[in-house]
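Read through the structure below, which is laid out as structure tokens, and then see the notes.
The values are calculated or read from the model by the stated rules, or taken from the named source; none is laboratory data. It should be emphasised that the depicted structure is a prediction, and the values quoted were computed from it without experimental measurement. Neighbour counts are summed over all protein chains in view; Cβ atoms, including those assigned to glycine, are modelled from backbone coordinates with ideal geometry. What goes into the accessible areas is simple: the full protein's heavy atoms, side chains included, and nothing from ligands, DNA or RNA. Shrake-Rupley method; radii C 1.70, N 1.55, O 1.52, S 1.80 Å.
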Amino acid sequence: MLAYIIRRVLQMIPTIFGVMLLVFFLFSVVGGDPSLILGGKHLTEEVLNNIRSQLGLDKSLPEQFFIFVKQVLTLDFGTSWSTQQPVSTMIASRIGPSLTLTGSLLVVSLLVSIPLAAIVAYFRGGLTDRVVTIACTVAMSISALVYIVVGQYVLAYELAWFPVRGWGDSLFTNLLIYVPLPLLMGLLVSIGPDIRFYRSFFIEEMNNDYVRTARAKGLSEQKIMLKHVLRNAMIPVVTTVMMSLPFLMMGALILESFFGIPGMGNEVLLAVNKSDFPVIKAVTIYIAIATMIFNLLADLVYKLIDPRVQLK
């Protein structure tokens, strides 16, 4: 196991280097000169040269790439071009609200969708399966904006059960007051595709030969579902969840925008609009690193779920 982990970590090094090359090429070569955007309409040659000097854009491409590699190794991406704040400070202040919302949404969605998917798969072809499938299809066909606007108007404005917008300084206050409404709206959007997605995993496992063998041995349906089907179906579920974890730091752009949540979604959108390359590059590298780490963790979780899995 330890040798496998060390080998995977070593394999991450050329992958990160390749990501750095791609990101640097896209932003420094293809992306154009951001000093033209930052200089505004009344840009003179002198102002342009000063901006390029401050941003380090007057250096050669190899020098700029060396600086970028150093930033990645130290996880210090300098200051934001638009706000002049340290990028690490900006991300640290924004990632908390995003993780509070998206992390809560992921946990609640899993707790609701996996049991419902298992129940629907168990009664596949029956009335329960048809009703839930139709409900999920209808829910998926409605735009997220409709859920948000109707939810804010009915639940927040008319009934005053929740605040329409806002965010506090306390985690407990946010979870109790400000998170429930966007969490409910996000759940309405995600629950339909999640149930149908996980249902297919359960049905696929229930059609395997080992299930028929277990029935022939006289095992009860409940024991087959809990001991065999659920464990094997959790492997693709773990894959899906692990692949989504790195993107939790990106936040939920639509929910953050409509509910006034100061998360990473809004910050990334502002960075893209202002061509704030240090922020965009930092987020890109962080997500790439997190993706590789969670890929490794997913393999280790597979091994815990099923010791027969061979790690290669």
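A few notes on this one:
- For the range 226-282, the candidate set comprises residues that are basic (K, R) and modelled with pLDDT under 75; within that set, the residue that is most open to solvent (accessible area, probe 1.4 Å) is K227.
- Unique residue being buried (at least 16 other Cβ atoms within 10 Å of the Cβ) and more than 18 Å from R124 (Cα to Cα) when the list is Y147, Y157: Y147
- Only residues that are closer than 10 Å to V279 by Cα and open to solvent by less than 40 Å² (accessible area, probe 1.4 Å) were counted in the range 64-80, giving 3.
- Yes/no for R196 being surrounded by 15 or more Cβ atoms within 10 Å (Cβ to Cβ) and either modelled with pLDDT of 75 or more or part of a helix (DSSP H, G or I) (or both): yes
- Cβ-Cβ distances below 6 Å connect the following pairs, each with a first residue in the range 62-91 that is on the phi > 0 side of the Ramachandran plot and in contact (Cβ under 8 Å) with a residue 24 or more places away in the chain, a second residue that is assigned to a helix (DSSP H, G or I) and surrounded by 17 or more Cβ atoms within 10 Å (Cβ to Cβ), and a separation of six or more residues or different chains: G78/P278.
- Positions within the range 1-32 being aromatic (F, W, Y), at pLDDT 75 or above and buried (at least 16 other Cβ atoms within 10 Å of the Cβ), in sequence order: F24
- Test: residue in the range 39-53 that is over 23 Å from the mean Cα position of the chain (by Cα), open to solvent by 60 Å² or more (accessible area, probe 1.4 Å) and at pLDDT 75 or above: no
- Any chance V132 is surrounded by 14 or more Cβ atoms within 10 Å (Cβ to Cβ), closer than 14 Å to L188 by Cα and touching a residue at least 40 places away in the same chain (Cβ under 8 Å): yes
- Qualifying residue in the range 166-186 (condition: open to solvent by 30 Å² or more (accessible area, probe 1.4 Å), modelled with pLDDT under 85, farther than 25 Å from R94 by Cβ and among the small types (G, A, S)): no
- Options R124, R94: the member that is of a type in the set (K, R) and either farther than 28 Å from D276 by Cβ or in contact with a Leu (Cβ under 8 Å, 6 or more places away or on another chain) (or both): R124
- Which numbered condition V146 misses (of (1) closer than 30 Å to V238 by Cα; (2) modelled with pLDDT of 85 or more; (3) of a type in the set (A, V, I, L, M, F, W, C)): (1)
- Of the helices (runs of 4 or more DSSP H) that lie entirely inside the range 223-278, those containing 3 or more residues that are more than 14 Å from I91 (Cβ to Cβ) and touching a residue at least 12 places away in the same chain (Cβ under 8 Å) span 230-244, 253-259.
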